[in-house]
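Just so it is clear, none of the values below were taken in a lab; they were calculated from the coordinates. This one's a predicted model, so the numbers in the text were calculated from it and none came from an experiment. We place every Cβ from the backbone using ideal geometry, glycine too, and count neighbours over all the protein chains shown.
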Amino acid sequence: MSLLIGTENLAAQLILLILVFVGLGLPTYGQDIPEESTSSFPIETSPETTEPSSETMEDGIFFADVLVRGQPVLQVGSLPELSAADRARVISRRIAGLLNQPNSIEPVTVQLDPSRQMALLKVNNRVLMTVTSQDAVDFDVTIETLAQQWADRLNQVLVKPNLAVDALQRLDGTGRQLVRRTIDLVPSLLGAFFIIGVTWTVARGVRRLGLLWAEETEGDRSTEILIGRLCYGGVWVLGSIIALGVLGLDFAALLGALGLTSVAIGFSLKDVLSNYMSGVILLAARPFRINDQVVIGDYEGTVVQVQLRATTMITYDGRLVYIPNQQVFQSSIINNTASPVRRSDVMVGVDYDADLNTVRQAILEALMLVQGIESEPAPLVLVQELAASTVNLKVRFWVNSRQQSFLQVTSDAAQAIKDKLQAVGIEMPTEIYTLTFRDLPLE
């Protein structure tokens, strides 16, 4: 090469280059190899290959499949000047060129060259491939035996078979290729399964630790569930990435594919993702907790479960309602049990002639006898309205905020007030209408 660079005359360079190629006896694609050549027989090279390939040492691949009609037929090994993959690619391309020709294909013949310790496989007077001493060493047979074996295999597949035979051959080739690849992937699969097992164990432990930490710091079951699930999912994501790396996944290609499809996935799963995001916000903001009695839109009942997709509620009549988290997030929420106690009101109408101080005292005494009414804050009796026939009093008291206790104590309080007012002789009249007749002169 230094000699070529140092030559200033372009014509001299071209002549010298031609002499080098002629002296080496390098064949071009599809040419026959002269029998009288005394140089070492060259290996298969593609038309565009001008320098020896170094892929053999770089890739570590010493055997590659020769394909006929897309199916592997035989394997060729690497040589010092050419990798196995490049060698198989050149041979497969030559075979494909023969199959695309309109002329009939003659049988593959073997031409031995003992002087150079190799054999030629020729079809239609064209060199298809060579069998070298290195191939014989690789397969532990003689050059003649290996050349004849490869020639027989090629003769079998070059003849166009009928549909049934072709299907069976393709099925057999696919099965062999699948078995070979599975065997090659056994170490990677075992490593991936080991990583998955470790990930499962670590995820369970981390979720348990997350739940314990949440119980100590948060004290809310829904938040504990959220923290536990996030810890569990985070470990699984990390373990899955490691397992896919062991299997040889190209993460750059994966991220590129995800980037191209993220918009379509976002549009197609918009409602699902919205529900999940709303669930995360609800679990983090905690407008209600499990077993809280709430009003969400048209539904009222007890919250029994908060998941990432939906909130589950049992109504007071025993029906189970699943409300999507997006709807819960966008609705007004009334939490009846956010406070341990809740105020209740009872309206009482008494006669205008009744002493309101006596009435107020009687009502307070009646409330003191009702179990479930909180002493703090103290009950109140307020004059609400001066109606047509009664003085309406609003009685306010505080009870347990749970729905059953709230309704029961309110009912008991109303009954106790009625009984007490009747016992002290205070009337609670119904609506009274006064009719006034004016004296008008008769016509």
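Some points to look at:
- Two-site FRET efficiency, residue 63 against residue 309, from Cβ-Cβ distance with R₀ of 51 Å, rounded to 0.05: 0.50
- Extension gain, residue 284 back to residue 178 (0.36 nm per residue minus Cα-Cα distance, nm): 33.3 nm
- Taking amide H atoms as placed 1.01 Å from N in the peptide plane, the amide H of residue 74 lies under 5 Å from those of 66, each 5 or more residues away in sequence or on another chain.
- Simple label model, 7 Å out from Cα along Cβ direction - residue 341 to residue 424, nm: 2.3
- Inter-label distance, nm, simple model (7 Å from Cα along the C-beta direction), residue 402/residue 156: 8.1
- As a calculated quantity, the FRET efficiency between residue 230 and residue 201 at R0 = 22 Å, using C-beta atoms, amounts to about 0.75.
- Label sites at residue 387 and residue 333, each approximated as a point 7 angstrom past Cα along Cα to Cβ, lie 3.9 nm apart.
- Highest average packing first - 308-319, 125-136, Cβ atoms within 10 Å: 125-136, 308-319
- Two-site FRET efficiency, residue 185 against residue 271, from Cβ-Cβ distance with R₀ of 56 Å, rounded to 0.05: 0.90
- Peptides 329-339, 179-189, ordered by how many other C-beta atoms sit within 10 Å of their residues on average, highest first, read 329-339, 179-189.
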